[in-house]
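Colleague: So that we are looking at the same thing, I have put the structure below in structure tokens.
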Amino acid sequence: MDAVLLFLLTSLALVGSPGPNTLSLAALGAAFGVRRGLAYMAGLNLGMVAVVALVGSGLWAAVLSYPRIAPVVTFAASAYLIFLAYRIATAPPLGTATAEAPGRAPRWYAGVTLSLANTKAYVAVAAVFSRYSLWPNSAVADQFAKGALLLATIVLVNLLWLAAGALLARSVENPRVGRAVNISFAGLLVLSVAVASFL
């Protein structure tokens with residue numbers, strides 16, 4: 001099978017699987033809708049550009065060689081994700097009369113922050129970058145090709161998770177069930193923090 005196709009399939013599996021970024025997008029879609037979640041999604045995507053650059057260049061490995069940095073990054077990411085889960089759990093369910101007014105969907109810089117602090121993102125990028133060679137005759141071209149393909153996959157996956165959360169919430173007409181959807185997504189986000197902390 002072609003290396004590009006294998007790279008794309010592996011990338012899709014790694015970045016499309018539930019994790020802090022994808023679950024936060026689904027939760028935001030459910031709590032605030034697609035339109036109000038687009039700025040946050042753009043921030044996640046920008047943050048992932050930085051993650052891909054850090055991993056692809058080897059700078060992330062150099063940073064983690066300092067043993068006291070990794071726990072600080074993990075703690076900061078966990079704290080932020082728990083705060084985001086709280087905001088999602090307490091957001092009014094979509095479709096209710098108050099859903100448009102209170103609460104503000106997280107902004108683009110919150111997405112950047114989450115991507116930069118998301119340990120699963122670094123692990124996923126490192127896994128696909130180290131496993132495949134798309135341009136064997138040029139290391140620089142190989143890194144750029146992998147980065148571009150991975151980022152395109154990330155943008156598509158992120159849009160699908162945001163839309164899936166919004167579609168789920170829109171299909172729920174009962175406000176109690178809508179509240180349960182928000183709380184469920186918040187709980188899954190907290191669970192992803194626990195799992196990511198062990199990576």
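The values are calculated or read from the model by the stated rules, or taken from the named source; none is laboratory data. The shown structure was predicted, so the numbers you read here are calculated from the model rather than taken from an experiment. Neighbour counts are summed over all protein chains in view; Cβ atoms, including those assigned to glycine, are modelled from backbone coordinates with ideal geometry.
Colleague: Find the helices (runs of 4 or more DSSP H) located wholly in segment 1-88 whose residues include 2 or more that are surrounded by fewer than 24 Cβ atoms within 10 Å (Cβ to Cβ) and without any contact (Cβ under 8 Å) to a residue 24 or more places away in the chain, and list them.
Modeller: Answer list for segment 1-88: 3-16, 59-64.
Colleague: Considering only segment 101-132, how many residues are within 25 Å of GLY29 (Cβ to Cβ) and surrounded by fewer than 14 Cβ atoms within 10 Å (Cβ to Cβ)?
Modeller: Residues in segment 101-132 being within 25 Å of GLY29 (Cβ to Cβ) and surrounded by fewer than 14 Cβ atoms within 10 Å (Cβ to Cβ): 5 in total.
Colleague: For segment 102-110, does any single residue satisfy the condition of being under 12 Å from the mean Cα position of the chain (by Cα) and either more than 25 Å from ILE183 (Cβ to Cβ) or modelled with pLDDT of 80 or more (or both)?
Modeller: yes
Colleague: Now, a different point. Is it fair to say LEU114 is hydrophobic (A, V, I, L, M, F, W, C), part of a helix (DSSP H, G or I) and touching a Leu at 6+ places or on another chain (Cβ under 9 Å)?
Modeller: Yes; evaluated as a whole, the condition is true for this residue.
Colleague: Let me ask you something else. Just give me the residues in segment 165-183 being buried (at least 16 other Cβ atoms within 10 Å of the Cβ) and either in a helix (DSSP H, G or I) or of a type in the set (D, E, K, R) (or both), in sequence order. I'd like the intermediate steps shown before the answer.
Modeller: Within segment 165-183, the subset buried (at least 16 other Cβ atoms within 10 Å of the Cβ) is 165-166, 168-169, 172, 175, 178-179, 181-183.
GLY165, ALA166, LEU168, ALA169, PRO175, GLY178, ARG179, VAL181, ASN182, ILE183 - these are the residues of segment 165-183 that are buried (at least 16 other Cβ atoms within 10 Å of the Cβ) and either in a helix (DSSP H, G or I) or of a type in the set (D, E, K, R) (or both).
Colleague: So LEU156 clears everything in (1) touching a residue at least 24 places away in the same chain (Cβ under 8 Å); (2) surrounded by fewer than 16 Cβ atoms within 10 Å (Cβ to Cβ); (3) closer than 15 Å to ALA26 by Cβ except one condition, right? Which one?
Modeller: Condition not satisfied by LEU156: (1).
Colleague: The conditions are (1) surrounded by 14 or more Cβ atoms within 10 Å (Cβ to Cβ); (2) within 27 Å of PHE7 (Cα to Cα); (3) out of contact with any Phe, Trp or Tyr (no Cβ under 9 Å at 6 or more places or on another chain), and TRP135 fails exactly one of them. Which is it?
Modeller: (3) is the only condition that TRP135 fails.
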